[in-house]
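Since the structure comes first, as structure tokens, the remarks are kept for the end.
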Amino acid sequence: MTPEQSLGPASDLVFTRLDLPQLPRIAIEDLVAWMTNGGRDVIREHALHQKNMPGVQYPWRAVTVCENNHWEESFEHCFPELRAYVDLFPTTRWRKIALLAQLPGEDVFLHTDPDFGVGWRIYLNHGGPRLYFQKFKERRAERPSTWLSGGPSAIESLCQAERHYVEEAGTFPWALTSIRAAHGVEPHHSDVGARITMLLFPDRGFVDREAHVELLLRSARTYADSAIWWSESNQMA
């Protein structure tokens, strides 16, 4: 089953805030200190970026907090409320969970993330630069990988020129597509902790697909004013 088939009526969803309970309050200073500890495992995408774009700054501090359903013990100890919050998502096993803090002076190139159709995210702090999407010129059954496709310029060639900006602000859970649009982030000119995102990648064999689709559709109705969709009228002539 392709990601498009798995999503059914939610396959054309590009972005929505998720209709889940309010996030617990956390000390951002403590979170930044935990993330910037030199002993943390950085995500493999950092190495892929360095290989494919040598000499170009990777725009995030990106560290792993859970891999193959094994949580970093110090993260669980320091941030038990966040560890508990992710249990609200409709899965029983995690492939990977990571934290990304956009670095000062950096923008984020147009890319896709390695999600199965639509992925889950959480803004733990959300100040400064805005997230935007550029919709693909045509529907895609599966995700075009950023680097296997030829990098950011190749991804951009698959997209329409118009940028669709996310207007939601604050801390909240949300979802984004990997098959209907690519995304990027405007330049960042604040402190390293001003924009922190939690990326959640479930083991897809343990996702409750019906609950996932229901959550997406319910959320898009609840936050209809800010949800972004792909439609046939998006196609280029």
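Readers should treat all values here as calculations from the given coordinates under stated rules, not as data from a laboratory. Owing to the predicted nature of the structure, the values given are computational and were not obtained by experimental measurement. Backbone-built Cβ (ideal geometry, glycine too); neighbour counts: all protein chains shown.
Which longest uninterrupted range of the chain lacks any trypsin sites (Lys or Arg not before Pro) assigned by DSSP to a loop state (not H, G, I, E or B) and surrounded by at most 12 other Cβ atoms within 10 Å?
Segment 94-237 is the longest.
Once you list every other residue whose beta carbon is under 14 Å from the beta carbon of Pro21, what net charge do they have if Lys and Arg are +1 and Asp and Glu are -1?
On the way: positive: Arg17, Arg25, Arg218; negative: Asp19, Glu81, Asp87.
Local charge sum for Pro21: 0.
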Quiz item: Normalised by the number of residues in the chain, what is the relative contact order in percent for Cα pairs under 8 Å and 6+ residues apart?
Solution: 34
Quiz item: Taking only C-alpha pairs under 8 Å that are 6+ residues apart, what is the relative contact order of region 125-178 in percent?
Solution: 54
